[in-house]
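Shown next, in structure tokens, is the structure this report addresses.
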Amino acid sequence: MQLTNRKKVMERKPMNFLESIYLPAVVKGMGITLSHLFKKKATIQYPEQKRPMSNVFRGLHVLRRDEKGAERCTACGLCALACPAEAITMTAAERKKEEKHLYREEKYAAVYEINMLRCIFCGLCEEACPKAAIFLQNDKMAPANYDRGDFIYGKDRLVEPFLTN
Ligand code: SF4
Ligand code: SF4
């Protein structure tokens, strides 16, 4: 590409006395600081205060139960296959006769983990799931943490709590 060679030579003006002691600049800076004291704050005290989130916000995942309280996930692996970040891993197991009330399908996820450090919250796992088992919540985020290991979310934190009426 050809450059135009357009340029403007700036001349540095010599500072006058007031400018050389920086007083006007300090006063101007203080004025800006003071004016912000009376303006509406742009920041909020997170996590005590939370901003309203959009209905289509994709946040922390949840593994859903069916209307009887059984886990919907059948460990088919489609979510893991659809995940562009390779954030999902699982181990399938076969349901025993006495476990029918716990798992809806004959096969279930004995281990199901999502690495939240890898996840880009795209929602493709939700779209790929044929059992409507995994959803991204629009009101929860994976909280910050100092320990990398804590970003691996297992079933203990993903499966929705069992609700008894
Ligand atoms: S939201 Fe996207 S990146 Fe995160 S686990 Fe699901 S498919 Fe993977
Ligand atoms: S969450 Fe859905 S897609 Fe993923 S393993 Fe379970 S049933 Fe299959």
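Bear in mind these aren't lab numbers, they're just calculated from the coordinates by the rules spelled out. These numbers were taken from a predicted model, which means no experiment stands behind them. In this analysis, Cβ positions are derived from the backbone assuming ideal geometry, glycine residues included, and neighbour counts consider all displayed protein chains.
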Note on the stretch 1-73: alpha-carbon gyration tensor, axes a ≥ b ≥ c; rule is a/c under 1.5 for rounded, else prolate if a/b larger than b/c, else oblate; result oblate
So which GluC sites (Glu not before Pro) in the stretch 89-165 end up in coil per DSSP with only 13 or fewer other C-beta atoms within 10 Å? Glu106
Given only helices, namely DSSP H runs of n ≥ 4 each adding -39500 (n - 2.57), what is the per-residue ellipticity at 222 nm of the chain, to the nearest 500 deg cm²/dmol? -5000 deg cm²/dmol
Of the trypsin sites (Lys or Arg not before Pro) in the stretch 1-93, which ones lie in a loop per DSSP and count no more than 13 other C-beta atoms within 10 Å? Arg6, Lys7, Lys8, Arg12, Lys39, Lys40, Lys41, Lys50, Lys68
So what J values fall out for the stretch 126-135 if you push phi through Karplus, 6.51 cos²θ - 1.76 cosθ + 1.60 with θ = phi - 60°, rounded to Hz, Gly and Pro as x? 4, 5, 7, 6, x, 10, 6, 9, 10, 9
For the charge dipole of the stretch 61-158, defined by +1 on Lys and Arg C-beta atoms and -1 on Asp and Glu C-beta atoms about the Cα centroid, which residue among Pro143, Phe121, Cys76 has the Cα displaced farthest towards the positive pole? Cys76
Using θ = phi - 60° and Karplus 6.51 cos²θ - 1.76 cosθ + 1.60, couplings along the stretch 65-75 (whole Hz; Gly, Pro as x): 9, 7, 5, 9, x, 7, 5, 7, 5, 10, 6
Any chance you could check the Cα centroid distance between the stretch 91-120 and the stretch 4-28 for me, in angstrom? 67
Please list, ordered by chain and number, the residues whose modelled amide H lies under 5 Å from the amide H of Ala75; skip anything fewer than 5 residues away on the same chain. Ala109
Counting only residues 5 or more places away or on other chains, whose amide H sits under 5 Å from the amide H of Tyr103 once H atoms are built in the peptide plane? Glu71
On a 0 to 90° scale, report how tilted helix 23-37 is relative to the longest principal axis of the chain, with both axes built from alpha carbons and the result rounded to the nearest 10. 30
Could you list the chymotrypsin sites (Phe, Trp or Tyr not before Pro) in the stretch 1-58 that lie in coil according to DSSP, counting only those with at most 15 other Cβ atoms within 10 Å of their Cβ? Tyr22, Phe38, Phe57
Kindly write out, for the stretch 11-22 in residue order, the coupling ³J(HN,Hα) from the Karplus curve 6.51 cos²θ - 1.76 cosθ + 1.60 (θ = phi - 60°), rounded to whole Hz, with x marking Gly and Pro. 9, 7, 6, x, 6, 7, 4, 4, 5, 6, 9, 6
